[in-house]
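One structure coming up, written as structure tokens, with questions to follow.
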Amino acid sequence: MVRVRFAPSPTGFLHIGGLRTALYNYLFARHNNGKFLIRIEDTDRTRMVSGAIEKLFEILKWCGLNYDEEPVIQSARLEIYKKYVNELLEKDLAYRCFCTSERLEEMRKLQIAKKQPPKYDGLCLKLSKDDSEKLSKEKPYTIRMKMPQDEIKFNDIIRGEIKFHGSLIDDQIILKSDGYPTYHLANVVDDHLMEISHVIRGEEWLSSTPKHIILYKYLGWTPPQFAHLPLLLNPDKSKLSKRQSDVAVEDYRDKGYLPEALLNYVALLGWSTEDSQQIFESSELIEKFTLERCGKSGAIFDAQKLLWLNGEYIRKMPVEELTKRSLPFIEKAGLPINNFDYLKKCISLEQDKIKLLSDVPHLIDFFLKNDIIYDEKASNKVLKKDGANEVGKILTDVADIYSKIENFTAKEIEMETRKYAEVNSLKTSQIFHPVRVAVSGRTEGPSLFEMLELISKEKVIRRIKDTIHKNIGT
Ligand code: GLU
């Protein structure tokens, strides 16, 4: 039975790399009819950020990464970890360390000066059991695991055989003086107790794995299988950083990315199909995802490609759904959201231009506002250039013609407007441009006549007349 977990530490926000880890675990579980679990690794109390756990669950929900069992919270399981630490102490596979942080710091500095790998020098390993017992009543201490001094090998599904030499690895602290276990111990104990079959996580944890392998061995447990995912990189191949792109998933949500587009894009950061397919339904991702097709080399995070993909998803989305998803953005921009059907019509005229949900308010605001605002390009190019009088005349005529159209539909409006051009030997653009600007305040927008129909006769005429007064002054 496949059982995998996503095990974030609640240190603020979900990083895009964390989302990739969560997604691969989720897809692997669903592909194999297994279970996808969540474990909150909150034993490092110095890195805790209040509210981070709630935010994490909220964003997982937004992504639709549903988990199968009650999440495991490590800080509520201290007694369990202590039991296994005691077992290791009794078996003499771990020892108490009474060294002060000052001594450890001193030691580290010396090792660095001598160009040696910084590593605990084993001072407390020399204490007899009795002395250690006695001292433990008087002084604070940590507990360290004993690292064997030979080679440690394991298989990684993505990277093949991995070897580390025990002599280069620190006698890792497994229990801190505050009674909380460190990541290594809690992680191994929980992966075992949760019956995790595969550990799928980022490459930054690869060097921790030999320590985990030894802990499994010491506790007499079979380790799970491991798969370490490649690093995420900026386009210049440096490690993905805030300075070059947004790294918090919530920033993408707030900017108007769709979760399905984001997940589709993130799925491709280290995984591909043989035919390099780019766009996937979520069911297709589940069907096609395998760890065997995950790569080893760093995956470049290309924000432009993500934006393109988001636009593709938006174009394909039924307009009803797109409108629903745009509502929070429209509302946030202070526009009225009470007439859903009208909003739907506005959005449908702009759909092929929307790349982000946050583009929606700006693209449709002139449909909804009473006073339109002329953008600079619009007023400069069309209204205030030489010949404003001629534009004024055209707009006056058009307003008059429009007032006589009984059935104010795109078709009728177009017919009458073209007729006016023909009779007066005007180029259609001489009419279409100023009308668009007068009614929307912009030089670009959706199909002109459909736009006019949607804005409605009375408003169109009022706006044309207002424009004549305000901008041309005739
Ligand atoms: N708590 C670790 C993290 O924040 C989990 C690493 C693992 O999956 O073992 O990424």
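Can you pull out the residues in region 205-230 that are in a loop (DSSP other than H, G, I, E, B) and either surrounded by 20 or more Cβ atoms within 10 Å (Cβ to Cβ) or away from the ligand (no atom under 13 Å from the Cβ) (or both)?
219, 220, 221, 222, 224, 230
Report, by residue number, each residue of region 404-431 that is under 48 Å from the mean Cα position of the chain (by Cα), within 17 Å of residue 391 (Cα to Cα) and among the aliphatic types (A, V, I, L, M).
431
Still on this structure, please answer the following. Has region 386-393 got any residue that is modelled with pLDDT under 95, closer than 15 Å to residue 463 by Cβ, open to solvent by less than 90 Å² (accessible area, probe 1.4 Å) and out of contact with any strand residue (DSSP E or B) (no Cβ under 8 Å at 6 or more places or on another chain)?
yes
If the Cβ limit is 9 Å and pairs must be 6+ apart or interchain, which residue in region 268-280 that is outside any loop (DSSP other than H, G, I, E, B) pairs with which residue that is of a type in the set (Val, Ile, Thr)?
Going by the 9 Å Cβ cut-off, the qualifying pairs are 271/290.
Go through (1) out of contact with any Asp or Glu (no Cβ under 9 Å at 6 or more places or on another chain); (2) more than 30 Å from residue 305 (Cβ to Cβ) one by one and return the number of the condition residue 246 breaks.
Just one mismatch for residue 246, condition (2).
Oh, and also: Of these, 54, 58, 69, which one is open to solvent by 10 Å² or more (accessible area, probe 1.4 Å), within 28 Å of residue 158 (Cβ to Cβ) and either free of Cβ contacts under 8 Å to residues at least 24 places away in the same chain or among the acidic types (Asp, Glu) (or both)?
Sole residue among the options that is open to solvent by 10 Å² or more (accessible area, probe 1.4 Å), within 28 Å of residue 158 (Cβ to Cβ) and either free of Cβ contacts under 8 Å to residues at least 24 places away in the same chain or among the acidic types (Asp, Glu) (or both): 69.
Restricting to region 409-449, count the residues that are open to solvent by 20 Å² or more (accessible area, probe 1.4 Å), closer than 26 Å to residue 373 by Cβ and not in a helix (DSSP H, G or I).
Residues in region 409-449 being open to solvent by 20 Å² or more (accessible area, probe 1.4 Å), closer than 26 Å to residue 373 by Cβ and not in a helix (DSSP H, G or I): 5 in total.
Quick test of your reading of the structure: residue 157 fulfils all but one of (1) in contact with a Phe, Trp or Tyr (Cβ under 9 Å, 6 or more places away or on another chain); (2) open to solvent by 20 Å² or more (accessible area, probe 1.4 Å); (3) farther than 30 Å from residue 1 by Cβ. Name the failing condition by number.
(3)
Looking only at region 192-204, how many residues end up being in contact with a Phe, Trp or Tyr (Cβ under 9 Å, 6 or more places away or on another chain) and either within 20 Å of residue 23 (Cα to Cα) or within 12 Å of the ligand (Cβ to nearest atom) (or both)?
4
Against the definition (out of contact with any Cys (no Cβ under 9 Å at 6 or more places or on another chain) and touching a residue at least 12 places away in the same chain (Cβ under 8 Å)), how does residue 444 come out, yes or no?
no
May I ask you to list the residues in region 49-65 that are part of a loop (DSSP other than H, G, I, E, B) and of a type outside the set (Ser, Thr, Tyr)?
Passing the criteria: 49, 51, 64, 65.
Sticking with this structure for a sec: Does region 96-121 hold any residues that are open to solvent by less than 40 Å² (accessible area, probe 1.4 Å) and within 21 Å of residue 166 (Cα to Cα), and which are they?
Of everything in region 96-121, those that are open to solvent by less than 40 Å² (accessible area, probe 1.4 Å) and within 21 Å of residue 166 (Cα to Cα) turn out to be 96, 97, 107, 111, 120.
I would also like to ask the following. Can you name every residue in region 232-245 that is touching a residue at least 24 places away in the same chain (Cβ under 8 Å) and either open to solvent by less than 50 Å² (accessible area, probe 1.4 Å) or in a helix (DSSP H, G or I) (or both)?
Correct list: 232, 233, 234, 240, 245.
On the given criteria, is residue 406 part of a helix (DSSP H, G or I) and modelled with pLDDT of 95 or more?
Against the criterion (part of a helix (DSSP H, G or I) and modelled with pLDDT of 95 or more), residue 406 does not qualify.
Scan 132, 128 and give me the residue that is of a type in the set (Gly, Ala, Ser) and open to solvent by 20 Å² or more (accessible area, probe 1.4 Å).
Result of the check over 132, 128: 128.
Taking into account only those residues within region 174-188 that are open to solvent by less than 40 Å² (accessible area, probe 1.4 Å) and closer than 23 Å to residue 151 by Cα, which is farthest from the ligand (Cβ to nearest atom)?
The qualifying residue farthest from the ligand (Cβ to nearest atom) is 174.
For region 287-318, name all the residues that are more than 18 Å from the chain's Cα centre (by Cα) and surrounded by fewer than 17 Cβ atoms within 10 Å (Cβ to Cβ).
Selection gives 287, 290, 292, 293, 295, 296, 297, 315, 316, 318.
All but one of (1) of a type outside the set (Phe, Trp, Tyr); (2) more than 12 Å from the ligand (Cβ to nearest atom); (3) more than 19 Å from the chain's Cα centre (by Cα) hold for residue 65; state the number of the condition that does not hold.
Answer for residue 65: the failing condition is (3).
Another question, if that's okay. Which of the following residues is under 26 Å from residue 297 (Cβ atoms) and aliphatic (A, V, I, L, M): 219, 229?
That would be 229, the only listed residue that is under 26 Å from residue 297 (Cβ atoms) and aliphatic (A, V, I, L, M).
Sticking with this one: Being of a type in the set (S, T, N, Q), surrounded by fewer than 19 Cβ atoms within 10 Å (Cβ to Cβ) and within 23 Å of residue 16 (Cβ to Cβ), is that true of even one residue in region 344-354?
For region 344-354, residues of a type in the set (S, T, N, Q), surrounded by fewer than 19 Cβ atoms within 10 Å (Cβ to Cβ) and within 23 Å of residue 16 (Cβ to Cβ): absent.
OK, next. Of the residues in region 3-43, how many are farther than 16 Å from residue 72 by Cβ and either within 14 Å of the ligand (Cβ to nearest atom) or open to solvent by less than 20 Å² (accessible area, probe 1.4 Å) (or both)?
So the count comes out to 17.
The values are calculated or read from the model by the stated rules, or taken from the named source; none is laboratory data. Bear in mind that the values here come from a model prediction, so they are computed numbers and not experimental data. Don't worry about glycine lacking a Cβ; one is built from the backbone with ideal geometry, like all the others, and counts go over all protein chains shown. Ligands, DNA and RNA are excluded from the accessible area calculation, which covers all protein heavy atoms including side chains. Shrake-Rupley method; radii C 1.70, N 1.55, O 1.52, S 1.80 Å.
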